[in-house]
Structures are given as structure tokens and as C-alpha cells.
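This report concerns only the one structure given below.
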Amino acid sequence: MSRCSCGSFHTPEEHWKFMEGMPQDPVDLVADLIAMGQYKPETLKLTEKFTHAELRKALVQQMLAKAKPEQQQICNDLIKQAGGLEEAFAAAFGPHATGFFNDTLRASKFRRRDFLIKVAATAAIVTLASCARENSNTSQSSIGETSTPDNLEKTDLNIGFIPIACATPIVISEPLGFYQKHGLNVTLRKMPNWAAVRESAIAGELDAYHMLSPMPIAVTLGLGSTTFPIQLASIENINGQSIAVALKHRDRIQGPADFKGMTIAVPFPYSMHNLLLRYYLASGGLNPDTDVAIQIVPPPDSVAQMSAGQLDAFLMPDNFGQRAVFEGIGFIHMLTKDLWDGHPCCAFAASQQWIDAHPNTFRAVNKAIIDGAAHADAAENRTEIAKVLSERRYLNQPETVLQAVMTGNFENGLGNTLNVPDRVGFDPYPWKSFAKWISSQLVRWDLMPTEKADYAQIAEQIYMTDLARELAQELGQNPPNEETRVEKLKFDTFNPENPAAYLEQQSQKFNV
């Protein structure tokens, strides 16, 4: 027997024996404790005078009282090594420890049992989480030395995200340590839909957010919502979307004109999905507002609605197009890469108000995400990333589906295996030409009044191209020096110097 990493004389294996046979999910673990009579929420009197620290201490003591002497020793050793109970919670969970308690306290209806279960769950797995960190395959050294600035206004952040593959840089930067590398403790908040992201942003409930690349333009200009200035800091993904069609139409769909009369879903009005779908349909002579029915459906609901026969097709993030194939209900008609190779999709954003109040923190979190995007863009990391994303706390999708998306080696649902390595990419550079194309299409489809379409001003004020370049250079990357470029799409070419002329050309060419 030798001194363990926790500081006491016992083997590391004893830590694992302590937790052997116990559920890995905190909620399941507490349910078992309650069933065994080892934890009784009703025995702890909850009053407004109790602090979070006192509640945590009381529950740990209650649980330790039921443990065997050797189990008590192991847990006490870990707490002592961490510097105390509060430090043990922080070491085990980082920002999650605080989140467990605040979630329930902020709820409109206070539920005592839920609160106690969260506290007990945290206490129960301090030992497991502390040891797991030392045995993890992902270490801080794998992503380079820390570069923690010493002037951060805030280090504990809440970032909202939608559970789709487009959020990859925002998501993986938590488990792979990029936030920690840049001095941040980030709690990821899974959001149900894009409207909820928008409303939470406006309400100030989040520090920063995963947004669709048109959303900062729409919210800043008050399109469909209250006017609320938001900055697009970096692009999360390029390409990475697909048009999926129900299998019952496999012999009908050859091109855009064949979608006439169908019900097609997109995730949000102010999305690249909506704009690219409309662009594609119009190229076939269809009016997207009269010849088809476009519905707004949260991405996670799209596959279920197609299975139920409520949707003929959808243009969604690739993991849902691939999921339709996986479930045997649909096929992939087209990757959006084939409509516009290198098009933006999702973005990382924050409000102008928050940026002004936290300029150094904003730089740090954006830098962490740009760092994470470079990691995600490397082909050799895609298998690892698919595994991480598949976890329940992140995308909660079959790993095989995410492997197909990330590697570009996939079945299309029609009996063909395709190999498209750049099916999705993670280039964070926010070209201002992206903003100008998006704005032109918002005008085209009456989503933005023409009088608000100051293309140059929108691109300059909302897309933070200069900062993204500066942060990428600090990371040793080689971002472009230009702010705009000519964008080559499937049916035309967009010159960002004259968006109004481009709109006129589209109208004349397609009569839509």
C-alpha cells in the first residue's frame, strides 16, 4: 500500500471500489439511496435561514454517517486534500456545483424535494468526480498550456446552446478544457428552441449564447422581437446542414420544383436553414410563401414529426438529417454544402451591453471558442468529438449518427454510402460578406424592411471580424486579412460590394 494521490495511504483502486456498483447518473444514484433508506429528504428541515454551504455540509454528514469507516476515510481524505468541502465541490464540478443549487432557487415554483436531491446528488459523487479527473483520457496538457488572463471581470459564465452538431466548438470547449485553459468556468445551458435563446438573451439570463448567424442581425434590428443589440463574435460551423425527405417521396424528388405542395420544416425564421431553403426552392420557380408550406419546428422535434407523417421534408442541422436515415424514415436529398460551399450556419454571440461590461472576459471566452473550433476542424479529432457530443448532457444522439456527420462518411438513406469529409467544418472567421448576403435575403423574403437594409453598416457593426482575426492570430492561427470575399453559390455569385444589384439579378433570373 502506498500514498494515494488524495494524500492518504490506500490504493487508488479503493476509490473506485467505494463507488463500485453505484449508478453513474446523479439522479439515479440518489433514487437508489432513497430506495435503500440511506437518504431521507424529509429528515432535513429546510428553512430560509439555511445557506447553500450549510445544506451541503448537512447532507454530506448525513451520507457519511451511513458509510463504512473505510469509505468515510476515503471521502474525508479527498475533502481535506481539496482544502475543505466548498473546494471539493468546486474541484469536482467547477461551475456545475453552483448551477445545481441556483437552478431550483431561481424557479418560479420552489420545489423542496428537487432542491434536496440536487444537493445530495452533488455530495454523493464528489469522490467519483474527483478521482475521475485524475483518470480522464483528456488532460489539460492535451490542449496546451493555460493562458489565463489576470484581468477577467467575471470567470463563472452561463452559455446557452441548442443540442445540435452546429454547437460543437461551444460544447466541446467545456469537456476538453478550452474554457479552463483561458481562465473560465462555463456552465452550458441546454435550450429547447431558438426563440428561447432569443428571449433568454434579451432578458439577460445568459452571459453569451449559441445563435443562428442571422439572429444577431434580426435581434439587433428588432426583426420579430424587441430591439436588442447583439454582436456576432465568431462563426461556429460552416456547411453542416441537409435537406432530408420522407422515404415515401423517394421516387418523386429530383430537384427543387418537385417540392411543390409539400410541408417543409426549418428551425427558425431568421436562420440560414430558412434562407437556403428559400434560395433552393426559388431556383426551381417555386414561391416559398405560396407553393409550399414552411413550418417552424425545433430541431429535436423534426424527426418525430416526419415519422408521424406531419412533415414531407426538412432542412435542419445534419445530425437530424442523418438521424432520419438512421431511423429508416427519410433520405438525404442534398447537403447545403452543395448549395453554397463554406456558408455560415451557427455563431457565438453576446449582447453589446454584456460585452461593454465584461470586455476582457468577452475576449477570453471568444478566444476559447476559436481555440476549440480549430481543434474541432482537424480531421484527426472528429471521432473523439463525435463521442463527446453523443453524451446525454450534450447532444444526446447516437454516436454512429454523429460519426457520420463529423467524418463525412455516411449513408444517404437510398442505399448509397457517400464520403464528403467537409460535410461540416468549423471555421470561426466571420466574413462580413456573410452578413451582407444574409441581409439581402432577409430583404428578398420580406423578413427585413428595405429601409433597414444598410448592408455595410449591418456588417460593420454586428459581425466582429477584426476581433476574431486578432484572437486567432494570438492563438498562432492564420486567419484571412480580408473582411469580405465574393461568395460562390450553386445558382449565382454574390458580390458583397453591391447587394442591391444581386437582389435585382435574383428577381430577374428566377422571377421570385
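The values are calculated or read from the model by the stated rules, or taken from the named source; none is laboratory data. All values reported here derive from a predicted model rather than from experimental measurement. Because the Cβ atoms are built from the backbone with ideal geometry, glycine has one as well, and the counts that use them run over all protein chains shown. Accessible surface areas use protein heavy atoms only, side chains included; no ligands, DNA or RNA. Shrake-Rupley method; radii C 1.70, N 1.55, O 1.52, S 1.80 Å.
Residue by residue through the range 339-345, which ³J(HN,Hα) values in whole Hz follow from phi under the Karplus form 6.51 cos²θ - 1.76 cosθ + 1.60 (θ = phi - 60°), with glycine and proline marked x?
8, 7, 6, x, 5, x, 10
Go through 492-503, 392-403, 277-288, 228-239 and give me the packing order, highest mean Cβ count within 10 Å leading.
With the highest mean Cβ count within 10 Å placed first, the list reads 228-239, 277-288, 392-403, 492-503.
Tell me which residues come under 5 Å, amide H to amide H, from residue 334 once H is placed; ignore anything under 5 positions away on its chain.
Answer set, sorted by chain and number: 243.
Collect residues whose amide H, placed 1.01 Å from N in the peptide plane, falls under 5 Å from the amide H of residue 489; neighbours closer than 5 in sequence don't count.
The answer is 494.
Whenever you get a sec, line up 301, 312, 356 from highest to lowest accessible area (probe 1.4 Å, protein heavy atoms).
Largest accessible area first, the residues go 356, 301, 312.
Given a 1.4 Å probe and heavy atoms of the protein chains only, how would you sort 291, 341, largest accessible area at the top?
341, 291
Within the range 450-495, list the trypsin sites (Lys or Arg not before Pro) lying in a DSSP loop whose Cβ has at most 16 other Cβ atoms in a 10 Å radius.
485, 490
Ignoring any ligand, DNA or RNA, what whole percent of the accessible area of the range 454-512 comes from carbon and sulfur when the probe is 1.4 angstrom?
Answer for the range 454-512: carbon and sulfur cover 42 percent of the accessible area.
Given a 1.4 Å probe, how much area per residue of the range 244-402 is accessible, in Å²?
Normalised by residue count, the accessible surface of the range 244-402 is 34 Å².
Considering only protein heavy atoms and a 1.4 Å probe, what is the carbon-and-sulfur percentage of the accessible area of the range 379-425?
48
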